[in-house]
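Sharing a structure with you now.
The values are calculated or read from the model by the stated rules, or taken from the named source; none is laboratory data. All values derive from a computational prediction rather than experimental measurement. When we count neighbours, we look across all protein chains shown, and the Cβ atoms used for this are built from the backbone with ideal geometry, even at glycine.
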Amino acid sequence: MRFSEVEKAWRCGWMRSIGILSAGDRSAEPPVWPERHWSALYMRTQGIGDAILATGIFRAIAQAQPTVSLDVLTTAIAAPVLEGNPYIRRVYHLPKSIAGIAGLVRTIRQSRYDVVIDGKITRGASFIRSPAFTLASRAPYRIGVGGGNHHLVFNLCVDRYDRTTTHMVDGSAPLAAPFGVDVANTDFRPEIFLTRGEIESANREWCAASSHGENQDERWLLNISAGARLRRWPNERWIGLITHLRQRRPYSTIVVVGSASELASVMEVAHASGVAAVRTDRLRSALAMVGTSTHVITADTSITHAASAFCVPTLVLIQRGLSQWLPWHTPHVAAYWNGATIESLSVPVASEALDELLVSAGSLAMR
C-alpha cells in the first residue's frame, strides 16, 4: 500500500473516531434558537486576513439569533482584528506550546459549548487541530463545510464552495445558515471597530504627512509588506509606482507603511519617493491608517481585507488565479502577476492598473 493510501486511511479513521466520541447525534437539525440561551465557539485559527473576512459572519449570527453568545478561537497575531467587536463575547488565542494547548483544551471543555463552528474552509478535508478542538468542546451541534471526511466530524454540514470561482467571504457565509441567516440576502461585509483614539492618532499621522495641512482630498496608503517573500515586490518597483502616482496626483497625501520588521525598507521607499513613512508597529495602528485613508495600494495580504472592511478603493498586486482573495464588494483594480513570484510584475503594468483605479474609483464595480 502506498504512503498516500495509508495516510488517507489513517485520516479517515481519525475523523471517524472523533465523530463517534463527540457529543450529540451523528446527524442533526438546527435547534430552535429562541427557546433558550446558547453558547457557541467559532474556530478560525488562521491569519489576520482570515479573521477579518470572518467578521461579517459573526455579525450575521449575532443579529439573527440574539440568544447565541459567540466566542472565537484564533491566533494571537490575528486577535487584535477582533478588539472592540460587539458581536463577540470572548476571544481565545491559540497557544504555541503543548502545555498551552492542553490548558486551552481544558478551558474549552469546561465552557460547555452547545455549538462549535469550524471556520477553516480552505482545504479539502479537516485534519487534526480542528477535529481535536471539536471533540474537546463536547458540543452537541458541530457545524462545518461538507465534503471529504467532514461528515464524520460535523453533524451540521453546509455546502462546500468552489474556491476557484467563489470569494472567501461568500465561501464562508453558509456557515451562518444553520442559525437561520438568509445567506443570499445578508450583507457579510467584513467589519473592524476602531476606537476614537485610534482614529485621532491616524488622522494626526495623515496631517503630519501632508504638505496641505488638514485640506487632504486624497489620502493614499501604500503597504509594501507581504506575508510571503514570493509576494514581496522589490523596493525599486514600489518607488517607480509611487513616482507614477505623484505625477498623476501631485496634491495627494501619500504614506508608506509596512510591518515592523521592514521599517528600513519603508523608510527607504518613502525617502526615495519623496513621500512620508509612518511606523505601524502595532496591527491596530495599520488598521487605523487603512480606515482613515481614501485609497489603498497593497500586495495580496491582510491589508486588502482591511480595505474591504472600510470599503476603501484599492489597487491589489496579486497572482493571477487568486481572485477569491480580492477586495470583497469594494471598488478595486487588480495588477496581476504570473509565474512563481511577484518579480514578474513590472512597474508599467502596475501603473496601468493604477491609472484605471484613478479613472474609475468612484464608480468601479467589483470584478
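Looking for whichever is modelled with pLDDT under 90 and outside the structural domain of residue 322 (by TED's automatic domain parsing) here; the options are 76, 136, 64, 99. Which one fits?
Numbers: 76 fails: modelled with pLDDT under 90; 64 fails: modelled with pLDDT under 90; 99 fails: modelled with pLDDT under 90.
Within the list 76, 136, 64, 99, the selection yields 136.
Something else now. Looking at the stretch 156-248, what helices (runs of 4 or more DSSP H) fall wholly within it and have at least 3 residues that are touching a residue at least 12 places away in the same chain (Cβ under 8 Å), within 29 Å of residue 68 (Cα to Cα) and outside the structural domain of residue 308 (by TED's automatic domain parsing)? Walk me through it before giving the result.
Values: elements: 168-172, 196-209, 235-248.
Counting at least 3 such residues, we get 168-172.
Additional query: Sort through 263, 287 and tell me the only one that's touching a Lys or Arg at 6+ places or on another chain (Cβ under 7 Å), farther than 21 Å from residue 351 by Cβ and assigned to a helix (DSSP H, G or I).
Details: 287 fails: touching a Lys or Arg at 6+ places or on another chain (Cβ under 7 Å).
Selected residue: 263, the only one of 263, 287 that is touching a Lys or Arg at 6+ places or on another chain (Cβ under 7 Å), farther than 21 Å from residue 351 by Cβ and assigned to a helix (DSSP H, G or I).
Checking residue 24 against (1) at pLDDT 95 or above; (2) more than 30 Å from residue 302 (Cα to Cα), which single condition isn't satisfied?
(1)
So, residue 223, is that one crowded, with 20+ Cβ neighbours inside 10 Å, farther than 29 Å from residue 84 by Cβ, of a type in the set (S, T, N, Q) and in contact with a Ser or Thr (Cβ under 9 Å, 6 or more places away or on another chain) or not? Lay out the reasoning, then the answer.
Values: crowded, with 20+ Cβ neighbours inside 10 Å: yes; farther than 29 Å from residue 84 by Cβ: no; of a type in the set (S, T, N, Q): yes; in contact with a Ser or Thr (Cβ under 9 Å, 6 or more places away or on another chain): yes.
So residue 223 fails the test.
Between a first residue in the stretch 305-334 that is closer than 19 Å to residue 162 by Cα and a second residue that is assigned to a loop (DSSP other than H, G, I, E, B) and hydrophobic (A, V, I, L, M, F, W, C), which pairs have beta carbons less than 6 Å apart while being 6 or more apart in sequence or on different chains?
329/366
I would also like to ask the following. Restricting to the stretch 233-261, name every residue that is under 22 Å from residue 282 (Cβ atoms), within 23 Å of the chain's Cα centre (by Cα) and at pLDDT 95 or above.
As a first pass, look at the stretch 233-261 and keep what is under 22 Å from residue 282 (Cβ atoms): 253-261.
From what is left, the residues that are within 23 Å of the chain's Cα centre (by Cα) are 255-261.
Within the stretch 233-261, 255, 256, 257, 258 qualify.
Moving on to the next point. Across the stretch 70-91, what is the total count of residues that are closer than 27 Å to residue 30 by Cα, buried (at least 18 other Cβ atoms within 10 Å of the Cβ) and free of Cβ contacts under 8 Å to residues at least 40 places away in the same chain?
The number of residues fulfilling the criteria is 7.
Scan the stretch 344-361 and give yes if some residue there is closer than 24 Å to residue 47 by Cβ and part of a loop (DSSP other than H, G, I, E, B), otherwise no.
Yes: the stretch 344-361 contains one or more residues that are closer than 24 Å to residue 47 by Cβ and part of a loop (DSSP other than H, G, I, E, B).
Could we say that residue 279 is part of a helix (DSSP H, G or I) and either in the same structural domain as residue 341 (by TED's automatic domain parsing) or not charged (D, E, K, R) (or both) here? If you could, list the steps in order and put the result at the bottom.
On the way: part of a helix (DSSP H, G or I): no; either in the same structural domain as residue 341 (by TED's automatic domain parsing) or not charged (D, E, K, R) (or both): yes.
Considered against the rule, which asks whether it is part of a helix (DSSP H, G or I) and either in the same structural domain as residue 341 (by TED's automatic domain parsing) or not charged (D, E, K, R) (or both), residue 279 comes out as no.
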